[in-house]
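Since the structure comes first, as structure tokens, the remarks are kept for the end.
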Amino acid sequence: MEHFAITTITILPGRAKDGRSESFKEIALRAGDMISIVGPTGSGKTAFINDIEVFASGDTVTGRTVLVNGEVPPDEMVRDPAKKPIALITQNTKCLADLTVLEFLEMHVKARRIADNSRMAETIRLANEFTGEKIAGTMRMTSLSGGQTRSLLIADAITVSSAPIILLDEVESGGIFKENVISSLKKNNKAVIFVTHDPVLALLSDRRIVMRNGAVEKILEPNGCETKILGQISGMDRVLSDMRERIRAGELLTDNGGPVP
Amino acid sequence: MKLLIFAGPPSAGKTAVVRQILRQLAGESFIAFLKIDVVRAFEDEELKKEFEIPTRKVYSGDVCPDHTGILVLRDAIAWAEDLGAGILIVESAGLCLRCTPYTTQSLGIVVLSAVGGTNSPLKMTPMIALADIAVVTKVDLISQAEKEVFRERVREVAPRVDIIETNAVHGTGLRYLLKAIRNMPEILCADDIVLKGMPPLAVCTICAGKKEIGWQHHFGILKTLDGADDLYRGE
């Protein structure tokens, strides 16, 4: 299903848990943007994502307003999940039905009335770029690991939903090649907002929103000043994930598992 | 006074939705709450404590809870009106998916859990078909594909019902429910309120405690294995 052209999503300020107004003027999100959201537990990260997901209009607990192309979006866009330009994937998002991967994708393709039959295979191929644990069309959805499930749901959001805006709530944990996910989302020109505790992911974004006490405390725009650190921690991250894979494979880690930067 | 009737299976999140209504509307309306259940219910005590509103409960015991709800509803309206309530919320036990406790001059709200699976709306047809609004809860837990299919299934059962997806714990999406409540008319004449449809309500002999198996031991509406139609036998 085609969405009407969305050029900008604008988030207008609300208030903190203590009632004080947020200090930013507006946060604009365009295709290809990557924004990360960081902050301690309970600081309002998920509430921020939820505001976008429901297109808040001053009627959520935060009092924020979210506009599409500078205006209040039409009801239909907000209410019908098939017309919503947003895909939200959280750690809890699952396929509950006892279907195979292929049947699950078929169900979604059918619901969207997409005639293109190659879409299912394309989704599985893309999902396999996101995870090292191979996903096959014949596997049952309920037997997929957390990493496989999230990889498939992100691939589904890109290829089947074609949602221009993707919200990810702490999806990085375990079994997912996060850098592949980010580069694929970038390649597909998605606007992405992700809540994360992962240093690599946080540094991969162009802007970083810092939350505190229910409010946006600041918006950091590193403009390249973190590139060197990003290179270093990406290296460390690769070392760690390599070790993780070796431990999972049953090895004894007697050497250092590769150069530590 | 406005009348809201909540139905929906156990654990669908009826009370979570009611909580959000109380949270959002308590400042502008005086709300009374009635819970109908079979043997135990705690919602009335919890809501009374949390929101300091008048609440009551009725146990149906051996009788069908929706049947009980309909029998006591007129009294409940009088009770809430005497208190000066602006809204009366009635929450059903939600045990029998064949029942439709909705009435005229009220807003009928069915609460369905998305976790129930995409076929669940088809199994609860009578409870959904006559509702004005279907609130689908726990949508944060399911995949986008299932979210879309769930909505289609509800549409299949009730083409005109207003569907509202929510994560009721956070209250996302419920603005449309609040809007509907703000815009709904008040009860015009409580004595004219009737059930919206012909519900399959029955106080059957099994509900009333007769344990024998086989239709020969029962009365009321009966079924035989080979008989195509229901048969009625009085006692």
Provide Rg and Dmax in Å for the stretch A:168-261, with only Cα atoms included in the calculation.
-> 15.6, 47
Pairs beyond 28 Å (Cα-Cα), from B:Lys138/B:Lys211; A:Lys84/B:Lys14; A:Lys190/A:Lys218; A:Lys17/A:Lys94 | B:Lys138/B:Lys211; A:Lys17/A:Lys94
Contact order relative to length for chain B, counting C-alpha pairs under 8 Å separated by 6 or more residues, stands in percent at 23
Under a plain spin-label model, where a point goes 7 Å from the Cα along Cα-to-Cβ, how far apart in nm are B:Glu152 and B:Asp62?
-> 4.8
Of B:Val39, B:Val115, B:Val18, which has the largest mean-square fluctuation in a 10 Å C-alpha GNM of chain B?
-> B:Val39
Spelling it out for A:Ile37: with amide H atoms placed in the peptide plane at 1.01 Å from N, the residues 5 or more places away or on another chain with amide H under 5 Å from its amide H are A:Phe194, A:Val195, A:Thr196, A:Ile209
Listed residues A:Pro40, A:Pro164, A:Pro13, most fluctuating in chain A (Gaussian network, C-alpha, under 10 Å) = A:Pro40
Estimated inter-spin distance, B:Asn119 and B:Lys48, nm [label 7 Å along Cα→Cβ] | 4.2
Calculated [θ] (222 nm, deg cm²/dmol) that DSSP helices of n ≥ 4 give over chain A, each run adding -39,500 (n - 2.57) | -10500 deg cm²/dmol
Rounded to the nearest 5, what % of the DSSP beta bridges within the protein assembly as shown are antiparallel ones?
-> 30
Within the stretch A:1-42, the residues whose backbone N lies under 19 Å from a label point placed 7 Å from the Cα of B:Arg23 along the Cα-to-Cβ direction are A:14-20, A:41-42
Specify the residue with the greatest mean-square fluctuation among B:Glu165, B:Glu156, B:Glu43, computed from a Gaussian network of chain B linking alpha-carbon atoms under 10 Å apart.
-> B:Glu156
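Every read-out reported here was derived from the displayed coordinates using simple, explicitly stated rules and does not represent laboratory data. Model, not experiment: these values are computed from the prediction. Quick reminder, even Gly has a Cβ in these numbers, built from the backbone with ideal geometry, and neighbours come from all protein chains shown.
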